[in-house]
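The values are calculated or read from the model by the stated rules, or taken from the named source; none is laboratory data. Keep in mind that this is a model prediction, so the values were computed, not measured. Cβ atoms come from the backbone with ideal geometry, glycine included; neighbour counts cover every protein chain shown.
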Amino acid sequence: MAGVLRMREAAAPGRSGTARGALVRLVLVRLAASFAVLWGAVTATFVLLQVMPGSTADVLLARSSVTPAIRARLVAEYGLDDPLPVQYLTYLGRIARGEFGESYVLRRPVWDEIAAQLPDTLLLVATTLLVTVVVSVLAGLLSVNRRAWVRSLFAAAESLVVALPPFWLGLLLLTVFSFTLHWFPAIGSSSPAGLVLPTVALAAGPAAVVAGVLREGLLRAMEEPFVVTARARGIGEAALRLRHVLRHALLPVTTLLGWIAGSLIGGAVIIEIVFSRQGIGRLALSAVANKDMPVVVAVVLVTAVAFVLLTITVDILTWVIDPRTRDAGR
Amino acid sequence: MGAALRPATTTPAAWAGAVLLLALVAACSPGTAGTAGSGTGDASPRAGGTLRLAVEKEPECLDPHQSPTESARLLTRPIVDSLVYQDPQGKFHPWLAREWKVSADKLTYTFRLREGVTFTDGQRFDAAAVVANLDHVVDPKTKSLLAGSLLAAYRSSKALDPLTAEVTLKRPDSGFLAALAQPNLGIESPITLKGPASKLCAVVVGTGPFKSETGFTSQKGIDYVRNPAYAWAPEGTKSGPVPLDRIEVTVVPDNSARLGALTSGQVDAVTGLAPASVGTLKSTPGFTLHTTRFPGANYSYWPNTEKGPLSDVNVRRALRAGVDWRQIVKNVYFGVYDGAQGPLSASTPGFDGSLAPAYGHDPAEANRLLDQAGWTGRDAAGYRTKDGKRLTLRHMWSDPSVSNLAVQIQAAAKRLGVEIVEENLDGGTFVNRLLAGDYELIDTSFSAPGPDVLRVLFSAENIPTPERGISNNMARYDDPRTEDALKRALDAASQSEQFGVYAEVQRRITEDAAVLPIYSPLSVVAARDGVRDVRFNVDGSPDLSGVWLAS
């Protein structure tokens, strides 16, 4: 590899100390900003739930007719009759103290419920990301710099996959691989075999998108002068793509993956339903429909925290992948 | 249950609708269900084995004292026994109470309890346990969503001796025994009632044929094991040891996934199949359909009798006669559902079958009634008008699964010159408009095990208003003579007297066309052929306690 590439130079031993300091500063600045993000998310949730039609008490009690005494008790206990500013401040105070309380509808401590649903969600997000990365990198590397019609073929396949509705793909996978071939279970999320189909259904869209973005990046990087230099030094085609070109193309992909991971945490509802999986998405869906504020807030916070952590991770990864960004950090 | 053809519930609005529907379907008190044959015929039950069951819905909270949902009843019936047992025909039998006496003023019930019954946590069942349970349901701290309806008349209870419990009511309530027979007033271990209410939402301990120590996990399900000590099945049911060793219930919300899991042998039985899937299974060898009509109110259109065009009884009668409801039901639901024959489903104890002719199709009569009501003009689109105003009815709904049906009804109404405007709303807006009475038609079914449901649906006390909150008289029907009959029904000294009064109520409601009944929802258990003796409880939910596996 030697000192041909700028990225290598930038990471030269003499400058690594300052670079590490920049990284620490980057993380600190990000952390401070994250608090603002979390406050924003929490406030937006409060406002949106208030704006939703229907009073919380009515929606909560839609499940049956209760005596006025019970209704009054529920309203008093949840503070639903307090003026909005009071409700908002009480609500912020509780969150600041880490008191998320009990779900209005599930009647259990919110964190118990989150803790019960989160592991399955995280597992699915992790396998989905892994599959997305592996498949898109393979597809990207295989398709780049081939004849134009090969690239078009890949692009067409990707568009097709992106256009597939996830629930339809899920049902199709279930029908073929579970109901007909009996390879994988249709229900029961705990076993590794049970993860396969939901992961494929969930990763298909993101993998196709990322593969497309990656190919564009690779194509652009292949035009860069350093490719000519590297080739002139006699590097093999595979090594060129893997070590040099891919590194350039990975930058936009990293950002994209961070966003995908964040959105999967609360956004995998349909796959969770089709595959009867436990998950945060289903929890969030029913909580919003029931105006179950404590649960909605907790889900929003979990998702926001995940986004913040992912953003920081993406920044660190970018820092590792592209030394040019290290200067910008100062 | 209005939810025929319910697809994967994929939108928040759909979810809200489903929840609300569930809610409306859920409250109330007991009566009867017709039991479908379960294709046994052969031999005595084979003991042992695990039944794997996939269900479509889950309770928010397992504890039947707190949660009014149909799924909480289904999932706790194997765990909790009741003082009295009500068979699917509506008759009462001894269960945890060996016998009972009602005082002449119908205010005091004295229960002699069965001896030697223990909870699965080792506690003894006695009169103090009965008192603790009833007090727990009415305790405001329990925030029971049921106490208001099931134990509305309850004053207090006390233990006269370890095996005698006395319950005092505030006013006579002929539905009290039926309420006691529901899992919602099932007897739980008193020690667990003192613990946190949140724990009861996962783990319920009773005296029933099964126990579940790990309890219910939301979005997943619940596993039961046989209670080896169980020897107090209700009288009049098949007694003897409980056949199954285990039951594993998984929540599988998607209809296609449930059907596929069954046909591919991943589960032994499923509940809540959509009509199209029921049709598919009928022609699939190796599987048996066990069905019963849900007792209670049919899936119906509820006309706003308080204001708007439908406050005119002639317009309501015209709509009832002018739309061929039965043909539409046949077309939309593949012949799986039966058309309605009255306000109540035919499987409800106390159902009056003599009123069926009033629900026949007669378009000529419908047009005559509309002319008589003054809707004689016609506008450019062919709709009837009066004083230049079009005859428009706003049908408000929030459950998309019924849209096929709604479209057919809309088309049939158009042939009469009546415009139905379909309004698909989010849950919150739906609730606001319901409370304000700002609609002409609402649709829902309301399953309940007896004719007491008529009070829930037609008493003026249950008209939803902003002050009262959600209530179930969606027709906003307010008729003094009906009100008087509903009071007499509560006072009835015997079940036959009670049924007589409720027959009168059904007649009044039919005369006033206070409801447009459409079809009787079905409780469906689809199982592989090896699953035997699938029966149904009085509320239409499947009874798992007698099920056995022939293979």
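The table for this structure:
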quantity	calculated
Where a residue in region B:133-158 is touching a residue at least 12 places away in the same chain (Cβ under 8 Å) and more than 9 Å from every other protein chain (Cβ to nearest Cβ) and its partner, wherever it lies, is surrounded by fewer than 21 Cβ atoms within 10 Å (Cβ to Cβ) and of a type in the set (Lys, Arg), with Cβ under 7 Å and at least six apart	B:Ala153/B:Lys170; B:Ala153/B:Arg171; B:Arg155/B:Lys170
Conditions (1) within 10 Å of chain B (Cβ to nearest Cβ); (2) buried (at least 24 other Cβ atoms within 10 Å of the Cβ); (3) part of a helix (DSSP H, G or I): number failed by A:Ser276	(3)
Filter pass, B:Leu391 being out of contact with any Asp or Glu (no Cβ under 9 Å at 6 or more places or on another chain), away from chain A (no Cβ under 14 Å) and among the aliphatic types (A, V, I, L, M)	no
Yes/no for A:Thr56 being hydroxyl-bearing (Ser, Thr, Tyr), within 14 Å of chain B (Cβ to nearest Cβ) and within 29 Å of the chain's Cα centre (by Cα)	no
Lone qualifier among B:Ala27, B:Ala18, B:Ala54 - being buried (at least 23 other Cβ atoms within 10 Å of the Cβ), within 14 Å of chain A (Cβ to nearest Cβ) and either at pLDDT 50 or above or under 30 Å from B:Gly116 (Cβ atoms) (or both)	B:Ala54
Qualifying residue in region B:431-447 (condition: outside any loop (DSSP other than H, G, I, E, B), free of Cβ contacts under 8 Å to residues at least 40 places away in the same chain and in contact with a Leu (Cβ under 6 Å, 6 or more places away or on another chain))	no
Selection within region A:205-229 - under 17 Å from the mean Cα position of the chain (by Cα) and surrounded by fewer than 22 Cβ atoms within 10 Å (Cβ to Cβ)	A:Gly205, A:Val209
Residues of region A:156-182 classified as over 24 Å from the mean Cα position of the chain (by Cα), touching a residue at least 12 places away in the same chain (Cβ under 8 Å) and either farther than 16 Å from B:Gly260 by Cα or more than 10 Å from chain B (Cβ to nearest Cβ) (or both), total	1
Hey, A:Ser191 among the polar types (S, T, N, Q) and either free of Cβ contacts under 8 Å to residues at least 12 places away in the same chain or away from every other protein chain (no Cβ under 11 Å) (or both) or not	yes
The lone exception for A:Gly266 - which of (1) of a type outside the set (Phe, Trp, Tyr); (2) modelled with pLDDT of 85 or more; (3) under 21 Å from A:Thr45 (Cβ atoms) it fails	(2)
Those residues of region B:138-167 which are β-branched (Val, Ile, Thr) and surrounded by fewer than 22 Cβ atoms within 10 Å (Cβ to Cβ), in sequence order	B:Thr142, B:Thr164
Criterion: within 23 Å of the chain's Cα centre (by Cα), in a helix (DSSP H, G or I) and either within 14 Å of another protein chain (Cβ to nearest Cβ) or crowded, with 23+ Cβ neighbours inside 10 Å (or both) - qualifying residue of A:Leu310, A:Leu301, A:Leu317, A:Leu264	A:Leu264
Selection count, region B:473-494, where residues are part of a helix (DSSP H, G or I) and under 17 Å from B:Gly175 (Cα atoms)	9
Failed condition for A:His248, given (1) surrounded by fewer than 22 Cβ atoms within 10 Å (Cβ to Cβ); (2) within 15 Å of the chain's Cα centre (by Cα); (3) away from chain B (no Cβ under 14 Å)	(2)
Residue that is of a type in the set (Lys, Arg), part of a helix (DSSP H, G or I) and at pLDDT below 90, where the choices are A:Arg151, A:Arg146	A:Arg151
B:Val270 vs. criteria in contact with a strand residue (DSSP E or B) (Cβ under 9 Å, 6 or more places away or on another chain), at negative phi and assigned to a loop (DSSP other than H, G, I, E, B)	no
Residue list for region B:460-498, restricted to those being hydrophobic (A, V, I, L, M, F, W, C) and farther than 30 Å from B:Phe92 by Cα	B:Ile463, B:Ile470, B:Met474, B:Ala475
Region A:93-137, residues that are without any contact (Cβ under 8 Å) to a residue 12 or more places away in the chain and touching a strand residue (DSSP E or B) at 6+ places or on another chain (Cβ under 8 Å)	A:Arg108, A:Pro109
Of all residues in region B:209-265 being over 23 Å from B:Gly122 (Cα atoms) and more than 14 Å from every other protein chain (Cβ to nearest Cβ), the one that is surrounded by the most Cβ atoms within 10 Å (Cβ to Cβ)	B:Thr237
Residue pairs meeting the criteria (Cβ under 8 Å; at least 6 apart or on separate chains; first more than 10 Å from every other protein chain (Cβ to nearest Cβ), in region B:458-480; second part of a loop (DSSP other than H, G, I, E, B) and at pLDDT below 90)	B:Ile463/B:Ser471; B:Thr465/B:Ser471
The listed residue being surrounded by 22 or more Cβ atoms within 10 Å (Cβ to Cβ), in contact (Cβ under 8 Å) with a residue 60 or more places away in the chain and within 14 Å of chain A (Cβ to nearest Cβ), out of B:Pro88, B:Pro68, B:Pro78	B:Pro68
Selection status of B:Val538, part of a helix (DSSP H, G or I) and modelled with pLDDT under 95	no
Total residues in region B:179-199, condition out of contact with any helix residue (DSSP H, G or I) (no Cβ under 9 Å at 6 or more places or on another chain) and more than 30 Å from A:Trp111 (Cβ to Cβ)	1
Selected residue (criterion: farthest from the other protein chains (Cβ to nearest Cβ)) from residues of region A:279-298 that are over 24 Å from A:Pro206 (Cα atoms) and not aliphatic (A, V, I, L, M)	A:Pro294
Complete set of residues in region B:425-462 that are of a type in the set (S, T, N, Q) and in contact with a strand residue (DSSP E or B) (Cβ under 6 Å, 6 or more places away or on another chain)	B:Ser445, B:Ser447
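Rundown of residues vs (1) modelled with pLDDT of 95 or more; (2) farther than 20 Å from B:Ser447 by Cβ, yes/no style:
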| position | (1), (2) |
| --- | --- |
| B:Gly339 | no, no |
| B:Leu344 | yes, no |
| B:Asp387 | no, yes |
| B:Thr392 | yes, yes |
| B:Asp399 | no, no |
| B:Val407 | no, yes |
| B:Gly428 | no, yes |
| B:Arg433 | no, yes |
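For (1) assigned to a loop (DSSP other than H, G, I, E, B); (2) modelled with pLDDT of 95 or more; (3) over 19 Å from the mean Cα position of the chain (by Cα), each residue gets a yes or a no:
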| residue | (1), (2), (3) |
| --- | --- |
| B:Pro451 | yes, no, no |
| B:Arg455 | no, no, no |
| B:Glu467 | yes, no, yes |
| B:Ser496 | no, no, yes |
